[in-house]
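We did not get these values from a lab; they are worked out from the coordinates using the rules stated. Only a predicted model underlies this, so the values are computations on that prediction, with no experimental measurement involved. Counting neighbours? That spans all protein chains shown, and the Cβs are built from the backbone with ideal geometry, glycine included.
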Amino acid sequence: MSGARGNGGEPVVRTERVHKVYHLGKVEVEALRGVDLVIEDGEYVAIMGPSGSGKSTLMHIIGCLDSPTNGEYWLDGEPVSSLRGRRLARIRNRKVGFVFQNFNLLSRIDIVENTALPLRYLGGMRRGARRQRASAVLEKLGLGDRLRHRPDELSGGQRQRVAIARALVNDPSMLLADEPTGNLDSDTSKEIMKIFRELHSQGHTVVTVTHDPNVAAEASRIINITDGRVES
């Protein structure tokens, strides 16, 4: 799970004048209004903002789940602003590891298969090799004795560790966590935040999107967004 990828010194995230406009019938809603943002390789950043501030829209764009209406975005030095569909999905699968509040695990398969899903989507690796790599990541996250279990046989904290393992299995450029402790109790939340600290110390780029000041306080830098603009 080494975070040393060597991207030629480029920031992992760089946006210039990014706008995002949604059309709701005849109404235009400007969710982002000219966002300039740089996140360097190896940083631990928290993005904060109230409901409706644009933080979720910004997360979707930097995670390649959506594209800006206007402006430029480079992910790991690669221009992705104009990409759509499968081309954007391929970049997303290779460059971004997601950790969601609701875990987003498949209940019918064991946690090794859940963790290996990004490798399956990427292609080029046999099932046995995928399971071997997924098992190694799960073991490093303390789940070596649970490999044959399905998600519904695990606690909330264990399921979130599976989600983190799945996010890490492709050795992505960035780990992007959306309210990663939102469904966990306080003690389990502390355990999960400790994992993020350890991953950052190993060189991983970690970006958390949160409204929780305790989660944001773990980061080395906090980016505040209000009314679609990053506060300077």
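If you build a Gaussian network model of the chain, linking Cα atoms that sit under 10 Å apart, which residue out of 163, 136, 219 swings the most?
Between 163, 136, 219, it is 136 that shows the largest mean-square fluctuation.
For a quick check: sort 69, 210 by the number of other beta carbons within 10 angstrom, fewest at the front.
Placing the least packed residue first, the sequence is 69, 210.
Please work out how many pairs of lysine residues in the chain are eight or more positions apart (or on different chains) and have Cα atoms closer than 29 angstrom.
For the chain, the number of qualifying lysine pairs is 11.
Report, largest value first, the span of the C-alpha coordinates of the chain along each principal axis, in whole Å.
Taking max minus min along each principal axis of the Cα atoms, the chain gives 51, 40, 40 Å.
Using unit Cβ charges (K, R positive; D, E negative) and no other charged atoms, how large, in debye to the nearest 20, is the dipole of region 1-83 about its Cα centre?
With Lys and Arg at +1 and Asp and Glu at -1, about 340 debye.
With a cut-off of 8 Å between alpha carbons and a minimum separation of six or more residues, what is the relative contact order of the chain in percent? It would help to have the intermediate numbers written out before the result.
Numbers: 460 pairs, mean separation 72.3, N = 232.
Relative contact order here is 31 percent.
Give me the net charge for the shell around residue 133: Cβ to Cβ below 13 angstrom, other residues only, Lys and Arg +1, Asp and Glu -1. Intermediate values should be presented prior to the final figure.
Working: positive: 120, 126, 127, 130, 131, 140, 166; negative: 113, 139, 171.
After counting each charged neighbour, the total is +4.
Between the helical axis of 186-201 and the dominant principal axis of the chain, each derived from Cα atoms, what acute angle in degrees is found, rounded to the nearest 10?
80
Using only Cα positions of region 1-96, each an equal point scatterer, no hydration layer, compute I(q)/I(0) via Debye at q = 0.15 Å⁻¹ and quote the log10 values to two decimals.
So the normalised log intensities are -0.61.
Determine the dipole magnitude for region 16-166: charges of +1 sit on the beta-carbon of Lys and Arg, -1 on that of Asp and Glu, nothing else is charged, the reference point is the Cα centre, and the result goes in debye to the nearest 20.
On the way: 26 positive and 17 negative charges, 187 e Å.
That gives region 16-166 a dipole magnitude of about 900 debye.
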